[in-house]
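Working notes, structure below.
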Amino acid sequence: MSIPAWFLMVCFGIFLAVSTFILGQVVRAAKTYDFAAPKGKLLTGVLYSLTGAMSPFKKESAYLHLPAYTMGVLYHLGIFFSFFWLLLHFFKVATPPPVKYGSASALLVATLCGIIILIKRILNPQLRYFSCPDDYFSNILVTGFLALNAVSILYSPMIPVFFVYSGILFLYIPLGKLRHAIYFVTTRIYLGLFYGRRGVWPLRR
């Protein structure tokens, strides 16, 4: 196995260890007794939290910004897809040319969404007011991850560079804004348990 591949493995191992520690802290902090009488089903609340509650028409004012919401969805789908391709690169899975071209095109679309989101954050005074340097850096880091993966799919000599870049990304995830990738699932589950127990979720017409 090459040095870039070993570097990726070590960084991913550190990421898993730190993420497990963070999740352990979250679980311990959430061990509180709910004195409210249950009025709904926990599982139903959790399922709704991970599905219907993510709709733009159920998320604060997201329905007023559907283009930005759509680009955010495409951007995050591209990130998941890029991690999938990272596995394919690592295990040297052979793929036919049509799959490569289609995958690279999809990642470039996600890259474009990331660039537009970054530009909007820079130009919009309200977004700029609430932004910190980590907001910009995290966007640039992840968008670069998507773009470099697209290049690596079409030009295999770039795969070792992509491994090193991915390793750096794994190391940074627990340190900054990207940490929300660790908290996302637990947050949605706890919200579902909380509002599901009270019969608030799923919302009734």
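The values are calculated or read from the model by the stated rules, or taken from the named source; none is laboratory data. Predicted model, so just to flag it, every value in this text is computed and none were measured. Reconstructed Cβ throughout: ideal geometry from the backbone, glycine too, with neighbour counts over all protein chains shown.
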Q) G52 fails exactly one of the following numbered conditions: (1) surrounded by 14 or more Cβ atoms within 10 Å (Cβ to Cβ); (2) small (G, A, S); (3) touching a residue at least 40 places away in the same chain (Cβ under 8 Å). What is the number of that condition? A) (1)
**Q.** Lone unmet requirement of (1) touching a residue at least 12 places away in the same chain (Cβ under 8 Å); (2) out of contact with any Leu (no Cβ under 6 Å at 6 or more places or on another chain); (3) under 28 Å from Y136 (Cα atoms); (4) surrounded by 15 or more Cβ atoms within 10 Å (Cβ to Cβ) for V161
**A.** (4)
Q.
Show the residue pairs meeting these rules: Cβ distance below 8 Å; 6+ apart or different chains; first residue within segment 8-19 and more than 14 Å from F162 (Cβ to Cβ); second residue in a helix (DSSP H, G or I) and at pLDDT below 95.
A. S19/I182
Q.
Please list, ordered by residue number, the helices (runs of 4 or more DSSP H) wholly in segment 132-205 having 3 or more residues that are among the polar types (S, T, N, Q) and closer than 30 Å to F91 by Cβ.
A. 133-154
Q | Evaluation of F162 against (1) out of contact with any helix residue (DSSP H, G or I) (no Cβ under 6 Å at 6 or more places or on another chain); (2) of a type outside the set (D, E); (3) closer than 22 Å to F80 by Cβ (one fails), failing number | A | (1)
